[in-house]
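A.B. asks: One structure, pasted below without further comment.
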2 protein chains.
Amino acid sequence: MDYEIFELGDVRLQQGATLSDAKLAFKTYGELNADKSNAIVYPTWYSGQHYDNEWLIGEGMALDPAKYFVIIPNMLGNGLSSSPSNTPAPHDRASFPRVTMYDNVRFQHRLVTERFGIERLELVTGWSMGAGQTYQWAVSFPDMVKRILPFCGSAKTSRHNIVFLEGVKAALTADAAYAGGRYDRQPDIGIRAMSRVYAGWGFSQQFYRETIYERDPLGFASLEDFLVSFWEGLFLKRDANNLLAMLWTWQNADVGRTPGFRGVEDALAAIRMPAIVMPAQQDLYFPPEDNEWEVKHMPRAELRVIPGAWGHFAGGGLNPEDTRFIDDALKELLRLKV
Amino acid sequence: MDYEIFELGDVRLQQGATLSDAKLAFKTYGELNADKSNAIVYPTWYSGQHYDNEWLIGEGMALDPAKYFVIIPNMLGNGLSSSPSNTPAPHDRASFPRVTMYDNVRFQHRLVTERFGIERLELVTGWSMGAGQTYQWAVSFPDMVKRILPFCGSAKTSRHNIVFLEGVKAALTADAAYAGGRYDRQPDIGIRAMSRVYAGWGFSQQFYRETIYERDPLGFASLEDFLVSFWEGLFLKRDANNLLAMLWTWQNADVGRTPGFRGVEDALAAIRMPAIVMPAQQDLYFPPEDNEWEVKHMPRAELRVIPGAWGHFAGGGLNPEDTRFIDDALKELLRLKV
């Protein structure tokens, strides 16, 4: 096991359920300095686990473990933190309670403060649902977070994004083997179907037009090879109930539902720390227009669009050019005195 | 029965199969004039039947039945022409042979020439797969077609579009009730799943962002109402094998596979009649960029983008503003002396 567990105990969730013996899996990179002033939180994305985030951490990069103490908390539902797949009855499998972004960040805050005694974070950053958690950190703990850089994500899931996810969910659950979540074996036909649904959304039209999946750095042999090896491979590693639990979290993400706020605009206006908000130019489910609207409501945020053809996966660490673009922005933001 | 059947007899298909007693269902509007110089062909789209095309025909419109003789041929696989659902063994259900755009247009040509003795067409036009058939008419019968106006479609299905359709297909067939096409009852869970997959693609992000589905002229009560009443309603009317047969035709559409041509660029260069090619600005699976590329290879084509938020369904006849835009272009093209 290359990660640690923070025992949350019995937790009351925003939607009302109590989850017993809840666990937050995490991994840290680098050393926390003496005055605890070098911590960064970098949450995970839909289906991702901490090691899927590691591409943005390294020597000479913004998230340099020689300089920063980077904490990657695993999102609930991702199979490492409390999830349908690892929670005993009565909250096992499809009976796993609904977890919000707000809940996730509340638990991460406990990890950061109770376990490490950290009072301020240099930065919170993340991709996709990790970006959603980044916004939530800024809204839930404004005095603690010095800077944010959410990439390819949003503060509130858009209606179109909800519809995209309806398709993903319907494809997965159309497989009778899903059996309302009471399966003994993974419903792999459904998981393969949702992977194919996802494939058209994850990358842009241009990406497919120019067969970028066949070239460096991906180098798949054909379109079908890409659909099977990359897409089906990505989700077949996961548990169906976990995928649906995280999907609920995603569809219902909205910083405006944070206690004390009256909707998303009110919450965005409270994000007063410096922010660079980075959509990908051709992202089909987190399009730049949504972030543009958000940034207008955020006092100190800059919109900086990741150019190119990789769509949502510009933020997935697969394309060195996009990674450099994100890393440069992170360096710039971290240099900013706050 | 509000339509007629043209008996094709036993036909040899481009992919090699012979389909016995093939039938082409069609409906005509207006009267063929004495010198047979006022005919227009207006093919159907994915899952659509001739009555779904009627919104573009009417008094005072470009396709005015007082002036033109409009023929709407039903695409094979759409449930009215020869289809998996209406063909006897051995070509029934999932054993229905693969039909190309080239085949469809060849049969339509027989209808037009053998049944009506028409030698020239004033216009061929159509939406989506109807646009695909429009391109095919221009390539297959260049001396017969005076003008074309394909809207929200392409001459060759793009890779990204193929991937979108892989998701649709995977969602439908994930339902075990599909049973390899040997079902007794429609696999309605799969059809509902594919409908939800389709929903995110058919309209644009902006369409959902601005809840245009709740306003005039649609007026659905909620997002869920739109997903069920519009989307699931659209495809639950259809037969699963028919949907998959047409999907194959779509994925494999390519005017460049017309006998005598060496690929799509060669075929496009042969489209020498005046053409207005009309993508919708925010179409997610027939994006304007694909048509822009095509038009560069077509000697007398103009690209004219349908503005607005309706995405692919700008061409579906639901939005009066888009319909007027298309109708205006049709009028302009029909006024052109050829």
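The values are calculated or read from the model by the stated rules, or taken from the named source; none is laboratory data. Predicted model, so just to flag it, every value in this text is computed and none were measured. As a convention, Cβ positions derive from the backbone with ideal geometry for all residues, glycine included, and neighbour counts pool all protein chains shown.
A.B. asks: Just name the residue that is surrounded by the fewest Cβ atoms within 10 Å (Cβ to Cβ) out of those in segment B:98-128 that are over 15 Å from B:Ser82 (Cα atoms), of a type in the set (A, V, I, L, M) and in contact with a helix residue (DSSP H, G or I) (Cβ under 8 Å, 6 or more places away or on another chain).
C.D. replies: By that ranking, first place goes to B:Ile118.
A.B. asks: Among the numbered conditions (1) part of a strand (DSSP E or B); (2) surrounded by fewer than 20 Cβ atoms within 10 Å (Cβ to Cβ), tell me where B:Met1 comes up short.
C.D. replies: Result: B:Met1 passes all but (1).
A.B. asks: Turning to a different aspect of this structure: Are any of the residues in segment A:64-76 out of contact with any Gly (no Cβ under 6 Å at 6 or more places or on another chain), modelled with pLDDT of 95 or more and either part of a helix (DSSP H, G or I) or acidic (Asp, Glu) (or both)?
C.D. replies: Taking every residue of segment A:64-76 in turn, at least one turns out to be out of contact with any Gly (no Cβ under 6 Å at 6 or more places or on another chain), modelled with pLDDT of 95 or more and either part of a helix (DSSP H, G or I) or acidic (Asp, Glu) (or both).
A.B. asks: Out of (1) part of a loop (DSSP other than H, G, I, E, B); (2) within 8 Å of chain A (Cβ to nearest Cβ), what's the single condition that is false for B:His160?
C.D. replies: The number of the failed condition is (1).
A.B. asks: Out of B:Ser95, B:Ser158, which single residue is closer than 19 Å to A:Val197 by Cβ and surrounded by fewer than 24 Cβ atoms within 10 Å (Cβ to Cβ)?
C.D. replies: B:Ser158
A.B. asks: Condition first: under 23 Å from B:Leu284 (Cα atoms), touching a helix residue (DSSP H, G or I) at 6+ places or on another chain (Cβ under 9 Å), assigned to a loop (DSSP other than H, G, I, E, B) and more than 12 Å from chain A (Cβ to nearest Cβ). Can you find one or more residues in segment B:245-253 that meet it?
C.D. replies: Yes, there is a match, as at least one residue in segment B:245-253 is under 23 Å from B:Leu284 (Cα atoms), touching a helix residue (DSSP H, G or I) at 6+ places or on another chain (Cβ under 9 Å), assigned to a loop (DSSP other than H, G, I, E, B) and more than 12 Å from chain A (Cβ to nearest Cβ).
A.B. asks: Would you please name the residue that is farthest from B:Tyr51 (Cα to Cα), looking only at residues in segment B:302-331 that are among the aliphatic types (A, V, I, L, M) and within 20 Å of the chain's Cα centre (by Cα)? Spell out the reasoning first.
C.D. replies: From segment B:302-331, those among the aliphatic types (A, V, I, L, M) are B:303, B:305-306, B:309, B:314, B:318, B:326, B:329-330; that's our starting set.
Subsequent filtering for residues that are within 20 Å of the chain's Cα centre (by Cα) retains B:303, B:305-306, B:314, B:318, B:326, B:329-330.
On the way: B:Leu303: 28, B:Val305: 26, B:Ile306: 23, B:Ala314: 18, B:Leu318: 14, B:Ile326: 18, B:Ala329: 22, B:Leu330: 19 Å.
The extreme case among them is B:Leu303.
A.B. asks: Still on this model: Of these, A:Ala329, A:Ala314, which one is in contact with an Asp or Glu (Cβ under 6 Å, 6 or more places away or on another chain) and in a helix (DSSP H, G or I)?
C.D. replies: A:Ala314
A.B. asks: Has segment A:289-300 got any residue that is buried (at least 19 other Cβ atoms within 10 Å of the Cβ), over 26 Å from A:Val163 (Cα atoms) and either small (Gly, Ala, Ser) or within 14 Å of chain B (Cβ to nearest Cβ) (or both)?
C.D. replies: So far as segment A:289-300 goes, no, none of its residues is buried (at least 19 other Cβ atoms within 10 Å of the Cβ), over 26 Å from A:Val163 (Cα atoms) and either small (Gly, Ala, Ser) or within 14 Å of chain B (Cβ to nearest Cβ) (or both).
A.B. asks: For B:Ile212, indicate whether it is in contact with a helix residue (DSSP H, G or I) (Cβ under 7 Å, 6 or more places away or on another chain) and β-branched (Val, Ile, Thr).
C.D. replies: no
A.B. asks: While we're here: Quick check on my filter: what residues within segment B:77-100 are in contact with a Lys or Arg (Cβ under 9 Å, 6 or more places away or on another chain) and within 20 Å of B:Ala131 (Cα to Cα)?
C.D. replies: B:Asn78, B:Gly79, B:Leu80, B:Ser81, B:Thr100
A.B. asks: A further question follows. Of all residues in segment A:279-305 being hydrophobic (A, V, I, L, M, F, W, C) and in contact with a Pro (Cβ under 7 Å, 6 or more places away or on another chain), which is farthest from A:Leu123 (Cα to Cα)?
C.D. replies: The residue in question is A:Phe286.
A.B. asks: At least 1 residues that are surrounded by 23 or more Cβ atoms within 10 Å (Cβ to Cβ), within 9 Å of another protein chain (Cβ to nearest Cβ) and over 22 Å from the mean Cα position of the chain (by Cα) in each: list the helices (runs of 4 or more DSSP H) lying fully within segment B:171-244 that qualify.
C.D. replies: Working: elements: B:188-202, B:205-209, B:233-236.
Here the list reads B:188-202, B:205-209.
A.B. asks: While we're looking at this one, here's another question. List pairs: first residue in segment A:38-66 and in the same structural domain as A:Ser83 (by TED's automatic domain parsing), second residue part of a loop (DSSP other than H, G, I, E, B) and modelled with pLDDT under 95 anywhere in the structure, Cβ distance under 8 angstrom, at least six positions apart or on different chains.
C.D. replies: So the pair list comes out as A:Tyr51/A:Asp2.
A.B. asks: Taking A:Gln282 as meeting all but one of (1) part of a helix (DSSP H, G or I); (2) within 14 Å of chain B (Cβ to nearest Cβ); (3) not aliphatic (A, V, I, L, M), write down the number of the exception.
C.D. replies: Going through the list (1) part of a helix (DSSP H, G or I); (2) within 14 Å of chain B (Cβ to nearest Cβ); (3) not aliphatic (A, V, I, L, M), A:Gln282 breaks only (1).
A.B. asks: So how many residues does segment A:271-288 have that are more than 19 Å from the chain's Cα centre (by Cα) and either surrounded by fewer than 17 Cβ atoms within 10 Å (Cβ to Cβ) or at positive phi (or both)?
C.D. replies: Residues flagged as more than 19 Å from the chain's Cα centre (by Cα) and either surrounded by fewer than 17 Cβ atoms within 10 Å (Cβ to Cβ) or at positive phi (or both) within segment A:271-288 amount to 1.
A.B. asks: Right, something else. Regarding segment B:57-66, can at least one residue be identified that is touching a helix residue (DSSP H, G or I) at 6+ places or on another chain (Cβ under 9 Å) and of a type in the set (D, E, K, R)?
C.D. replies: No, segment B:57-66 has no match at all.
A.B. asks: Given the criteria of a type in the set (A, V, I, L, M), within 22 Å of A:Trp137 (Cβ to Cβ), crowded, with 21+ Cβ neighbours inside 10 Å and touching an Asp or Glu at 6+ places or on another chain (Cβ under 8 Å), does A:Ala253 qualify?
C.D. replies: Details: of a type in the set (A, V, I, L, M): yes; within 22 Å of A:Trp137 (Cβ to Cβ): yes; crowded, with 21+ Cβ neighbours inside 10 Å: yes; touching an Asp or Glu at 6+ places or on another chain (Cβ under 8 Å): no.
The answer is no for A:Ala253.
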